[in-house]
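In what follows, a structure is listed as structure tokens, so that the remarks can point back to it.
The values are calculated or read from the model by the stated rules, or taken from the named source; none is laboratory data. Because the structure is predicted, anything quoted here is derived from the model rather than measured. No Cβ is skipped: glycine too gets one built from the backbone with ideal geometry, and neighbour counts run over all protein chains shown.
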Ligand SMILES: NC(=O)c1ccc[n+]([C@@H]2O[C@H](COP(=O)([O-])OP(=O)(O)OC[C@H]3O[C@@H](n4cnc5c(N)ncnc54)[C@H](OP(=O)(O)O)[C@@H]3O)[C@@H](O)[C@H]2O)c1
């Protein structure tokens with residue numbers, strides 16, 4: 001049995017725990033600063049709880065799910081007992097080298113950039129590892145993270161791009177869904193109907209692309225008949241240069257992530 005400890009039982013940790021604990025081979029234990037949140041996690045998730053130090057002693061893998069500003073305090077608290085354990089940080093913008101500075105270069109460290117969609121088991125995450133993480137450790141981490149969605153390994157110097165795409169992405173997609181909904185209301189749909197259709201269209205299109213070999217360009221062709229409604233709409237995308245808007249969106253988010261990581 002693998003023992004996985006979660007330090008910090010806020011939004012992200014709770015979502016990850018909920019997804020991971022569906023696999024009975026993982027034993028989960030958690031700790032948190034305030035009693036109210038740990039009691040809530042204990043009750044809702046039906047997991048054992050303890051303090052940070054005891055959690056580290058009892059776990060093989062330790063997920064650090066505190067805010068970036070609280071990370072150094074937690075690392076200093078646990079550093080003496082993390083030998084041979086896998087430390088997994090989900091804190092946005094905290095580099096592996098910064099973690100190594102506090103707990104040592106010879107410790108096993110994984111840095112994950114998750115996204116909010118882990119709440120429904122559809123996380124799009126990327127992770128990077130330091131040199132002490134061996135193939136077997138990586139397989140274990142991969143399996144754990146994939147319980148909450150997908151997780152792909154990348155070079156750490158690409159993490160800002162991941163932050164822009166899948167970290168901030170749920171907000172960009174939600175923004176689009178809102179606008180598709182509001183624009184359709186103008187032509188007689190009720191808010192409720194427009195919203196449900198918009199969500200299902202984004203969801204269904206993603207599912208179609210994910211589950212078939214159809215490429216986005218092919219799908220566009222499949223839906224576009226000559227002089228038809230889709231072509232009329234897509235012409236506006238081209239005329240208003242939607243591609244440039246999206247390019248600028250990702251660039252701004254990427255640049256901000258780089259600035260915050262300094
Ligand atoms: N939310 C997202 O979409 C998202 C996406 C990617 C990455 N992340 C990363 O995920 C991490 C967690 O985010 P979140 O949204 O889940 O934050 P959150 O809800 O605020 O959870 C953080 C938890 O850490 C606890 N904590 C603080 N100091 C602690 C300590 N010394 N020992 C034990 N627990 C401590 C807090 O407890 P108290 O409340 O009692 O102080 C809180 O429950 C962040 O580092 C963030 O960068 C979040």
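Laid out as a table, the results:
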| read-out | value |
| --- | --- |
| Checking residue 148 against (1) over 12 Å from residue 16 (Cβ atoms); (2) surrounded by 15 or more Cβ atoms within 10 Å (Cβ to Cβ); (3) in contact with a strand residue (DSSP E or B) (Cβ under 7 Å, 6 or more places away or on another chain), the condition it does not meet | (1) |
| Boolean, residue 28 is surrounded by 13 or more Cβ atoms within 10 Å (Cβ to Cβ), within 21 Å of residue 98 (Cβ to Cβ), assigned by TED's automatic domain parsing to the domain that holds residue 95 and in contact with a strand residue (DSSP E or B) (Cβ under 7 Å, 6 or more places away or on another chain) | no |
| From the options 77, 44, residue that is closer than 28 Å to residue 262 by Cα and surrounded by fewer than 20 Cβ atoms within 10 Å (Cβ to Cβ) | 77 |
| Looking only at the stretch 91-109, and only at residues there that are part of a helix (DSSP H, G or I) and within 16 Å of the ligand (Cβ to nearest atom), the one that is surrounded by the fewest Cβ atoms within 10 Å (Cβ to Cβ) | 102 |
| Residue match in the stretch 7-14 (condition: surrounded by fewer than 15 Cβ atoms within 10 Å (Cβ to Cβ) and farther than 20 Å from residue 83 by Cβ) | yes |
| Members of the stretch 110-123 that are farther than 18 Å from residue 261 by Cα and buried (at least 20 other Cβ atoms within 10 Å of the Cβ) | 118, 123 |
| Listing of helices (runs of 4 or more DSSP H) fully contained in the stretch 110-188 that carry 3 or more residues being touching a residue at least 60 places away in the same chain (Cβ under 8 Å), under 21 Å from residue 210 (Cα atoms) and over 10 Å from the mean Cα position of the chain (by Cα) | none |
| Test set (1) loosely packed, with under 11 Cβ neighbours inside 10 Å; (2) outside any loop (DSSP other than H, G, I, E, B) - residue 227 fails condition number | (2) |
